[in-house]
Amino acid sequence: MQKKTAHQIADVLIEALPYIQRFKGKTVVVKFGGNAMVDEALKHSFARDIVLMKLVGINPIVVHGGGPQIGRLLEKIGKTSNFIDGMRVTDSETMDVVEMVLGGLVNKEIVNLINMHGGKAVGLTGKDGNFIRAKKIALKKSAQEAQAPEIIDLGHVGEVSSIDPSVVDMLGNSNFIPVIAPIGVGEDGFSYNINADLVAGKVAEVLKAEKLILLTNTAGILDKQGELLTGLSIKDIDDLIADGTISGGMIPKTRCATDALEGGVTSVHIIDGRVDHAVLLELFTDQGVGTLLISH
């Protein structure tokens, strides 16, 4: 090994040391989605990041999505996907596919990847131990002709009503890495498909996580010139939404982040899941690879 290369490696390790010391024993919730879930090299890179976090004493909890995978299977069986305000209309047949993909195929693939790289992962859905209680979302749309807003039935689409952290606590304290599919169960006994960002945020709140990390397909939150913004407060986020800098699909993601901060999570990171080892770079380097959000 050349002397210069050896010094560079040593510098990287020394830069990581204070972060490892600061986060040891802390819980970090990571929402895994986007390109990082479909690119083979990035999937392995993510799994290694999670295993390394656990080995240095951090308690990672993975919450994953799976929209594209659900869409592909529905297409194969000849079922059309309909979306309203970005949410998939989910009848009983579609919900069966959602459970099969999220709770089965995708969840077990992530568990297997982490285990391949030396971790001890366990897959869960919100139905295990009634871990995620859900309630049905009723979407209200204002119709010009109607006297009152129209209530649109999205089927088995829900939001989190409560989370029981005992299952996840038990796994984390036994050196396992929980991998959570965002499926909840309602008071009616039905399964509900819940947005993975929302589940990750609520899990982070309930577990009083040190950090919530959201992997996305963008560099983070960008200003109107396309430059990366970081070190943002809740007020900054409100201002950026008000002036249109944050728009479209980034609004629910940032709202999930601010809710988590208001719920007691120390910091939220919106990072680029297309970057190799993005999670480690954000956690353990001075520079980071995305947008850091803090409560004030």
field: Principal-axis tilt of helix 107-116 within the chain, Cα atoms, nearest 10 degrees
entry: 10 degrees
message: Please list Val29, Val289 from largest to smallest accessible area, probe radius 1.4 Å, with all protein chains kept in place.
response: Val289, Val29
field: Choice from Val98, Val206, Val30 with maximal GNM fluctuation in the chain (Cα, 10 Å cutoff)
entry: Val206
GNM result for the chain, Cα springs below 10 Å: residue of Thr230, Thr254, Thr125 fluctuating most strongly: Thr230
- prompt: Between Ser81 and Lys3, what FRET efficiency follows from the Cβ-Cβ distance if R0 is 51 Å, with the result rounded to 0.05?
  reply: 0.35
- prompt: For Asp96 and Asn35 in one chain, what is 0.36 nm times their gap in residues minus the Cα-Cα distance, to one decimal in nm?
  reply: 19.5 nm
- prompt: Summing +1 for each Lys or Arg and -1 for each Asp or Glu, what net charge is found among the other residues whose Cβ lies under 10 Å from the Cβ of Leu292?
  reply: 0
- line: Once the in-chain neighbours fewer than 8 apart are removed, the lysines whose Cα is under 23 Å from Lys76 read Lys108
- request: For the chain, with a Gaussian network of springs between Cα atoms less than 10 Å apart, report the residue from Ser161, Ser191, Ser174 with the top mean-square fluctuation.
  value: Ser174
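Ignoring ligands, DNA and RNA, what percent of the 1.4 Å accessible area of segment 155-296 is carbon and sulfur?
52 percent
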message: If you count only protein heavy atoms and use a 1.4 Å probe, how large is the accessible surface of Lys136, to the nearest 10 Å²?
response: 100 Å²
message: Run the simple label-point estimate for Met116 and Leu73 please: 7 Å along Cα→C-beta, distance reported in nm.
response: 1.9 nm
- prompt: Taking only Cα atoms, what is the 0 to 90° angle, nearest 10, from helix 196-206's long axis to the longest principal axis of the chain?
  reply: 70 degrees
field: Phe176 accessible area, 1.4 Å probe, all protein chains in place, Å² to nearest 10
entry: 70 Å²
- request: With label points built 7 Å along Cα→Cβ from the Cα atoms of Ile152 and Glu15, find their separation and express it in nm.
  value: 4.6 nm
statement: Interchain or sequence-distant (5+) residues whose placed amide H lies within less than 5 Å of the amide H of Ile221 are Leu229, Thr291
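Could you work out the helix-only [θ] at 222 nm for the chain, with each DSSP H run of four or more residues adding -39,500 (n - 2.57) and the total divided by the number of residues, to the nearest 500 deg cm²/dmol?
Rounded to the nearest 500, the figure is -11500 deg cm²/dmol.
May I ask you to list the GluC sites (Glu not before Pro) in segment 1-98 that are in a DSSP loop and have at most 13 other Cβ atoms within 10 Å of their Cβ?
Qualifying residues, ordered by number: none.
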- prompt: Of Lys120/Lys211; Lys43/Lys211; Lys208/Lys253; Lys136/Lys235; Lys135/Lys253; Lys135/Lys202, which ones are farther than 24 Å apart at the Cα?
  reply: Lys136/Lys235
- prompt: How much area per residue is accessible in segment 110-259 when the probe is 1.4 Å and only protein heavy atoms are counted (Å²)?
  reply: 47 Å²
Spacing of the two label points (7 Å from each Cα toward its C-beta) at Gln225 and Ala138, in nm: 4.8 nm
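The values are calculated or read from the model by the stated rules, or taken from the named source; none is laboratory data. Quantities reported herein were computed from a predicted structural model and do not represent experimental measurements. Cβ: placed from backbone, ideal geometry, glycine included. Neighbour counts: every protein chain shown. For accessibility, only protein heavy atoms count, side chains too; no ligands or nucleic acids. Shrake-Rupley method; radii C 1.70, N 1.55, O 1.52, S 1.80 Å.
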